[in-house]
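Novice: A single structure is presented below for examination.
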Amino acid sequence: MATENNNLAVRLYQKQFIAMMQTVFGVQSTFTPTFGDLQALDGIQNNAIAFSVKANDVPVAVGNYNTGSDVAFGSGTSNSNRFGPIKEIVYGDIDVPYDFNWSFNEGIDQFTVNNDLNAAVADRLNLQAQAKTRLFNGKLGAYLVDSAAADLGDVTDVNKVFEAASERYTDLEVVVPVRAYVTAEVYNAIIDHQLVTSYKGSAVNIDENGIVRFRDIVVTKTPTRYMAGKAIIFSPDNIGRAFTGINVVRTIQSENFAGVALQGAGKAGQWISDDNRQAIFTAGTSATTTTSTVKPTTTTTTSHA
């Protein structure tokens, strides 16, 4: 069997898997609204740095206006500005490291697979893309929880929690849509809440028993296992990036059975700027926690919006 491996070339599937990963992630990832499309790189060579992110490619959601009596007035008349220190707009690159890796190793025996070999490979790659998306969901949820600027307390009264979140976003002058990722329990509590009517800043589809927003915050029902122990994760849309680098995805003739081994390996991670983390909040606790804890990367942006 060893000579067969010399006669049959290794087949590489990096480009196909990248396209599949990006498509599946866009459809199935819970946190796509916050992190946008999956950024993928074929044949990574740097073991530590994933991407150099241009800071201005990621909108800064938070703006602060200082109305202190001695800011721009009084003793601060000539040496301060209520808009804050002016920063030069420079499209600098921020090196973002990988946070975790992934791999798979499957065997497809032509005697037992009961399907065309190429069809089996395509099917397994699709299922692996779905599995990696679920892995991302756990990592991204944990990252958001670890990045949160504050916890808003228990969720006994969902209206009170959403009201507190709305006040914070108003004070922070967040300029992009805000979303609440919630467990099914919280989602049902919102639907059943007496304030969920069209004239209270909420929108509900009665036919589908579904809610679109509550107190002008978009609500997304999220599996508990992706919530890292929290009942609600508040986050503005499109403030971060999720990425993966693929080392290899291949089939190689097996020496141990009459078929091929389907193998893949890569690295991945996520990034949100320090400024945008000020606009992430959590609330309550959920019954199930995820083990996919990822510590946020410490970086800074180069400009303010």
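The values are calculated or read from the model by the stated rules, or taken from the named source; none is laboratory data. All values reported here derive from a predicted model rather than from experimental measurement. For neighbour counting, all protein chains shown are included, and Cβ atoms are generated from backbone atoms with ideal geometry for every residue, glycine included. For accessibility, only protein heavy atoms count, side chains too; no ligands or nucleic acids. Shrake-Rupley method; radii C 1.70, N 1.55, O 1.52, S 1.80 Å.
Novice: Does segment 105-123 contain at least one residue that is in contact with a strand residue (DSSP E or B) (Cβ under 6 Å, 6 or more places away or on another chain), open to solvent by 30 Å² or more (accessible area, probe 1.4 Å), assigned to a loop (DSSP other than H, G, I, E, B) and at pLDDT 80 or above?
Specialist: Scanning segment 105-123, I find at least one residue that is in contact with a strand residue (DSSP E or B) (Cβ under 6 Å, 6 or more places away or on another chain), open to solvent by 30 Å² or more (accessible area, probe 1.4 Å), assigned to a loop (DSSP other than H, G, I, E, B) and at pLDDT 80 or above, so the answer is yes.
Novice: Among the residues of segment 129-166, write down those that are assigned to a helix (DSSP H, G or I), small (G, A, S) and over 24 Å from V27 (Cα atoms).
Specialist: Across segment 129-166, the qualifying residues are S147, A164, A165, S166.
Novice: Next up: Being under 12 Å from E106 (Cα atoms) and polar (S, T, N, Q) is the filter; apply it to segment 254-266 and report the residue that is most open to solvent (accessible area, probe 1.4 Å).
Specialist: Q263
Novice: Quickly run through segment 264-289 and pick out the residues that are at pLDDT 90 or above, more than 11 Å from A148 (Cβ to Cβ) and part of a loop (DSSP other than H, G, I, E, B).
Specialist: If the condition is that a residue be at pLDDT 90 or above, more than 11 Å from A148 (Cβ to Cβ) and part of a loop (DSSP other than H, G, I, E, B), then G284, T285 are the ones that fit.
Novice: A further question on this structure: Considering only segment 1-34, how many residues are part of a loop (DSSP other than H, G, I, E, B) and at pLDDT 90 or above?
Specialist: Matching residues across segment 1-34 total 3.
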